[in-house]
Amino acid sequence: MVDIDAAIGYVVAHGDPVERARLSYLRTGNRPAPDVFERIESGQTPDGGWPAGADGTVSSVDATCFRLAEIDDLGGLGGPAADRAFAWLAAVQGGDGTWQEDETLAPEAPPWAMPGDPEATLYLTAVAGFWMTVAEIEAHPRHEKPARHANHLAAAARFVVAQLRPDGTWPSFLATGWHAAGLLHEQQFFYESARVQIVLGDRLDDMSPAHVANLAAALRRVNLGDDWLLRTARKRLSATQRTDGGWDSDEGPVFDVNTTLAAIRACR
C-alpha cells in the first residue's frame, strides 16, 4: 500500500510554495492565497500561453499544458489565466486538429515537443486535447451544456483516432496513451479509448514510477480507467515509493516533487 503520509511529508519538506499549495488543495480542497496563483501567472505571455523557459518569450504548447496541470491542482482551471491559456491553445490548433510547437523553439525543444516531428505532433495533440477535456469536465461535470471548445476537441480526437494502429498502439511517446485515452473517451470514441487502455495495462510492469503516477492521475482526473488498471498502477506505485516518501522523476530530482504529487492524486 502506498504510504500517503510519507508522500505528504516529502512534498512538505522538499516542495516550493506552489507545490506545497498544490498539496494543500489536493488534501483539503481549499484554494490557496492569490499570491500562489501570481507565481504561476507571472510567466504567462501576452498571448495566453507559457514559454518553455523562464527567459522565453514564445509560448509553448507543452509548457502551457504543464502550467495548466499545476493550476488544476490549485482549483483554478476555471480562472482567467486558464481561460487565456485555453483561448491561445484554440487559436494555434492546426486545421487538421493537431498542435505543434512554434518552429522557433526547435533548437531547444526536447524530442516530445520537436516542431514538425510526427511523434511530437501526436503527443502534443493528445495532451492539449486532454487538458481541454478536463476543463470541460470541470465546467460542466454532467455535460448539461455544449463544450466550449467542442469543434477543437472533435478535430483533435479524429486526428488521434486516425493514428492508432489496429492493435491499439500508437506511433508516439508512451505518455500520449493516457492523454489520448481521456480525450477519446470524452469524445465518445469508446472502443478506441478502451484499446489504448488495454495497451497501457500491458505495459504497466515496464513503466517508470513517474509514468505510472502520471497515467493513474490522468485517468482518475477524467473518471476513466477500470478497477484493475488503477489497482495495478497503485500496486506499482507502492513497490516503487522511496523510503523518504517520494518517487523518482524521469527528468531528474528537480521534478521528484511533481511526480510525488501525481502519485498522491492517483491514490487519494
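The values are calculated or read from the model by the stated rules, or taken from the named source; none is laboratory data. Note that the structure is a prediction, hence the values are computed from the model and not measured. In this analysis, Cβ positions are derived from the backbone assuming ideal geometry, glycine residues included, and neighbour counts consider all displayed protein chains. Just the protein is used for accessible areas: all its heavy atoms, side chains included, with ligands, DNA and RNA removed. Shrake-Rupley method; radii C 1.70, N 1.55, O 1.52, S 1.80 Å.
Annotations
- Approximate shape of region 156-218 as ellipsoid semi-axes (Cα gyration tensor, √5λ), whole Å, largest first: 19, 12, 10
- Both the radius of gyration and Dmax for region 156-268 are 13.9, 44 Å, in that order, over alpha-carbon atoms.
- Summed residue charge, Cβ within 14 Å of residue 118's Cβ, Lys/Arg positive, Asp/Glu negative: -3
- log10 of Debye I(q)/I(0), alpha-carbon scatterers only, for region 1-68 at 0.16, 0.28 Å⁻¹: -0.66, -1.15
- Hull shadow area, averaged, region 37-103 [alpha-carbon convex hull, nm²]: 4.4 nm²
- Of all accessible heavy-atom area on the chain, the percent that carbon and sulfur account for (1.4 Å): 51 percent
- Structure remark: mean-square fluctuation, Gaussian network model of the chain, C-alpha springs under 10 Å; the largest value among 196, 36, 134 belongs to 36.
- Å³ per residue enclosed by the Cα convex hull of region 1-153: 146 Å³
- Binned Cα-Cα distances of the chain, short to long, each 5 Å bin given as a whole percent: 1, 6, 13, 17, 20, 19, 14, 8, 2, 0
- P(r) tail, region 102-215: Cα-Cα pairs separated by more than 23 Å, 31% of all pairs.
- Percent breakdown of C-alpha pair distances by 5 Å bin, ordered from the shortest bin, for region 216-267: 4, 21, 29, 24, 15, 6, 1
- Region 59-137: proportion of alpha-carbon pairs further apart than 17 angstrom, %: 40 percent
- Between 251, 41, 70, the residue with the greatest mean-square fluctuation in the GNM of the chain (Cα pairs under 10 Å linked by springs) is 251.
- Calculated mean residue ellipticity at 222 nm for the chain: -18500 deg cm²/dmol, from DSSP H runs with n ≥ 4 weighted as -39500 (n - 2.57), summed, divided by the residue count and rounded to 500.
- Highest-fluctuation residue, 153, 89, 204 considered, GNM on the chain with Cα pairs under 10 Å: 204
- Approximate spin-label separation residue 87-residue 206, in nm, with each point projected 7 Å along Cα-to-Cβ: 4.5 nm
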